[in-house]
Every structure is written in C-alpha cells, then in structure tokens.
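The values are calculated or read from the model by the stated rules, or taken from the named source; none is laboratory data. Values in this document were obtained by computation on a predicted structure and should not be read as measured data. Cβ atoms come from the backbone with ideal geometry, glycine included; neighbour counts cover every protein chain shown. Only protein heavy atoms, including side chains, enter the accessible area calculation; ligands, DNA and RNA are left aside. Shrake-Rupley method; radii C 1.70, N 1.55, O 1.52, S 1.80 Å.
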Amino acid sequence: MTIAVLGAGSWGTTFAKVIADAGHEVLLWARRTEAADEINTSHSNSRYLPGIELPDTIRASDDVADVLAAAEVVVLAVPAQSLRENLTAWAPLLREDAVLVSLMKGIEVSTGKRMSEVIAEVTGAGPERIAIVSGPNLAREIAVGQPTATVIACADEAVADRIAELTANAYFRPYTNDDVVGVELGGAIKNVIALAVGITDGQGMGDNSKASIITRGLAETTRLALAMGADAHSLAGLAGLGDLVATCASPLSRNRSFGRLLGEGLSLEEATARTAQTAEGVKSAAAVLELGRSHGVELPITQGVTAVLTGRLHVDELGGLLLSRKRKTESPMKYDQTPGQSPAGS
Ligand SMILES: NC(=O)c1ccc[n+]([C@@H]2O[C@H](COP(=O)([O-])OP(=O)(O)OC[C@H]3O[C@@H](n4cnc5c(N)ncnc54)[C@H](O)[C@@H]3O)[C@@H](O)[C@H]2O)c1
Ligand SMILES: O=P(O)(O)OC[C@H](O)CO
C-alpha cells in the first residue's frame, strides 16, 4: 500500500507519524525544500513539531509528482482555503482509483462547500473514494503519543474501515461513520465556537461562560448539521462534542488561542500576525454563517464571532449581544426542524 500525505504542517506531519507508527511507509509532501530535507535527514519538523522524533519510515519530498506517482491513499492536509487551488494542480497526478482522505476542518469561503465537496468537484472522485478524518485530535498531543480517538467518515464504510486499519495504532483509535456531512460540519464549526470560547478566556471569564458557549455552540452546530442532512449521533460523538471539548479546553488549539488574543483586545491583524499556524475558524466563520442563512438556521454564536472578525461588533459587545437575545426553551431534543417553520432558537 502506497500512502501519500500532502502538507507537512502540524497535522499532516503528525498524521504521517500515526500511519508510520501503524506499521506503514509514508511519503510526505512538504511545500518547502528545507522542510523535506530536515524530515529526511534529521527525522524532525522543527517548525511545526519541535522536539518530536519522526519515524524513518516517513520519506519527505517537495516534488508532488514524486509523492503521488503510485499513491493508492492520498491524505490532504493543507489549509482549507488553499485546497481547491492545490488540488487543481495535483488532480492530473492522482491515480484514478486513489482514495482521497481529508484532514481539513474548514468550509470554502468562496463557495460555502465542505472539503469533501471541493475534492469531488475538482477530482471527479465519487463518494466511495473520499474519506474524512475528524475528532479530538490536537496534533502535538498525538505526536508525543498521547492516546486519542477519531472518526473516519466515508459514504462507503468498507473504505472507512480500510483507512481505519491503516491508521490504528497503540495511541490512535479510529471509529468509522458513514455520515460525511455531520463529521465534516462538526470539525469545521467547532473552530468557530472555539474562537468564541477563546474570546471569553481573553476577557478573563471563567468556566461557566465557557461551558455555556460550548453547550450552546453544540446546539447551533447540531441544528445546522441536521438541516444539512447529518445524523444527530455524529454531533454527539467524537467529531462533534469530542472535538468541541478538546478544542475549547486546550491551550494548544490555534482557534481558541486566536480568540483569546481578540478577547485581550488585539485587532484581527495583530492576532493574525501573532498566529503562525492555521486557525481555520477565522476564515470559515463567515462561510458557516452563510450556510446557516441558506438553510434557515439561526447560528447566534457564529453570527457574533463573524461580526467581531469583520469589525462590525466590538469584542466587548459579544457577551452582551448573546445574553440579550430573546429568551427561549432549551429544548435540547427538538433539534429536528419541520421545513417551513422557524428553527428552534439558541
Ligand atoms: N494541527 C492540528 O492539531 C489539527 C488537527 C486536526 C485537524 N487539523 C486541520 O488540518 C488542516 C491543516 O492544519 P495544520 O495544523 O497542519 O496547519 P499548519 O498551519 O500547521 O500547516 C499547514 C501546512 O500547509 C502548508 N501551506 C500553507 N499554505 C499553503 C498553500 N497555500 N498551499 C499549500 N500548502 C500550504 C504549510 O506550509 C504547512 O505545511 C486544517 O484544516 C486544520 O484545521 C489540524
Ligand atoms: O488547533 P486547532 O484549533 O486547529 O484545533 C486542532 C484540532 O482540530 C483539534 O481536534
């Protein structure tokens, strides 16, 4: 089995290590020649995973044609907003039967599409060739070998099973799921909710505020996901609740950290300048909000975060805005919406 990972940032490199530690050889594409050289000679990626020793069964290259030549499984780990452009260049190099695995947790801003939709559109791959990995998966914890679970989603569960078999190791436990929509939305929207939690953190708020945002964030995520055809169980699982809790709780999260900087009073530009890695929620928030609008689903936290990110709301007004909304029943079991009726509020 030839496995390629495209993108040698935090998660791409860590995921290559997961596969290598599961007993397979991996080809890793790095954009920078120096990064590929360092991985091959020193077995490290000091920019993204300082102090981590990589297995020598990972071979890196900056030549994507070399990496893709025989790849039967191609793992995509570039920033969500760059996927379409990259994949358009890579598509002619892909084997016709290659399974394409997305690690990305974002929504394409220009189209509102999920990553699996972008992959299908650009490559022509059918749903049985597209899989998603999403769950409580902070790269650094996994890179040091701390145990975690994840979800591998594919419309064809036999394919999900195959990817699960390639990745399962002593510290990485994949579960399979055929709900691609739910698993992808859980991963993308939790980044936006983590920005909100980060903001409260930067403002010095305590755990009640954070728990309230996490819980109501899950409610709005679930509402949208159900309106888009997802299964509620996926949102209550690892790719929903699990990832939301990990991301919102962890100082390792780039999204939560970005929100924290905003909450401390930094501008969007200042926070961006202080963030070296990809915080997908910053760009995806507007796309998630648009998905809510087009499906008639209220997303108050996403709406507030987007307003802050676009400069239409001062960060100090976010809490007041959320608290002053019309009071509603919590109705946690009423996520399901009847078409034509206004969605349950948050
Ligand atoms: N880091 C994590 O803990 C983690 C965990 C799960 C999922 N993810 C998701 O994985 C995806 C990748 O995140 P990451 O953590 O590896 O990001 P990162 O910022 O650590 O690395 C991004 C990688 O993409 C490359 N890159 C940047 N811009 C590019 C472009 N325009 N074209 C091609 N390559 C480009 C960078 O050189 C780098 O190798 C994101 O969607 C993220 O949400 C990350
Ligand atoms: O660092 P973040 O905020 O991109 O989160 C990383 C992972 O998605 C957590 O599962």
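Data for the structure
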item: Residues satisfying the stated conditions in segment 284-307, i.e. open to solvent by 20 Å² or more (accessible area, probe 1.4 Å), assigned to a helix (DSSP H, G or I) and under 24 Å from S209 (Cα atoms); result: A286, Q303
item: Given (1) under 19 Å from the mean Cα position of the chain (by Cα); (2) over 14 Å from G7 (Cα atoms), number of the condition L94 does not satisfy; result: (1)
item: Yes/no for G229 being outside any helix (DSSP H, G or I), under 24 Å from K113 (Cα atoms) and touching a helix residue (DSSP H, G or I) at 6+ places or on another chain (Cβ under 8 Å); result: yes
item: Residue match in segment 217-227 (condition: under 16 Å from the mean Cα position of the chain (by Cα), small (G, A, S), open to solvent by less than 60 Å² (accessible area, probe 1.4 Å) and within 13 Å of ligand 1 (Cβ to nearest atom)); result: no
item: In segment 303-332, the residues that are among the acidic types (D, E) and either in contact (Cβ under 8 Å) with a residue 40 or more places away in the chain or within 16 Å of L218 (Cα to Cα) (or both); result: D316, E330
item: Close pairs from segment 195-222: first modelled with pLDDT of 95 or more, partner of a type in the set (F, W, Y) and crowded, with 24+ Cβ neighbours inside 10 Å, Cβ under 7 Å, at least 6 apart; result: L195/F258; G198/F258
item: Verdict on V197 being crowded, with 23+ Cβ neighbours inside 10 Å and either of a type in the set (D, E, K, R) or within 16 Å of the chain's Cα centre (by Cα) (or both); result: no
item: Residue list for segment 45-92, restricted to those being more than 28 Å from K113 (Cα to Cα) and open to solvent by less than 10 Å² (accessible area, probe 1.4 Å); result: N45, L49, L54, I58, A60
item: Residue that is among the hydroxyl-bearing types (S, T, Y), within 16 Å of ligand 1 (Cβ to nearest atom) and surrounded by fewer than 16 Cβ atoms within 10 Å (Cβ to Cβ), where the choices are T272, T329; result: T272
item: Segment 275-293, residues that are out of contact with any Gly (no Cβ under 9 Å at 6 or more places or on another chain), within 10 Å of ligand 1 (Cβ to nearest atom) and not small (G, A, S); result: T275
item: Some residue of segment 194-207 being under 25 Å from R173 (Cα atoms) and within 13 Å of ligand 2 (Cβ to nearest atom); result: yes
item: Selected residue (criterion: nearest to P136 (Cα to Cα)) from residues of segment 239-248 that are away from ligand 1 (no atom under 11 Å from the Cβ) and open to solvent by 10 Å² or more (accessible area, probe 1.4 Å); result: G242
item: Of the criteria (1) touching a Phe, Trp or Tyr at 6+ places or on another chain (Cβ under 6 Å); (2) closer than 19 Å to V122 by Cβ, which one L68 fails; result: (1)
item: Residue satisfying all of: in segment 249-261; away from ligand 1 (no atom under 12 Å from the Cβ) and within 14 Å of I213 (Cβ to Cβ); least open to solvent (accessible area, probe 1.4 Å) among these; result: G259
item: Count of segment 116-133 residues which are within 16 Å of V78 (Cβ to Cβ), in contact with a helix residue (DSSP H, G or I) (Cβ under 6 Å, 6 or more places away or on another chain) and within 15 Å of ligand 1 (Cβ to nearest atom); result: 4
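Residue-wise test of (1) in contact (Cβ under 8 Å) with a residue 12 or more places away in the chain; (2) in a loop (DSSP other than H, G, I, E, B); (3) of a type in the set (K, R).
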{"residue": "M1", "(1), (2), (3)": "yes, yes, no"}
{"residue": "V5", "(1), (2), (3)": "yes, no, no"}
{"residue": "F15", "(1), (2), (3)": "yes, no, no"}
{"residue": "V18", "(1), (2), (3)": "yes, no, no"}
{"residue": "P55", "(1), (2), (3)": "yes, yes, no"}
{"residue": "R84", "(1), (2), (3)": "yes, no, yes"}
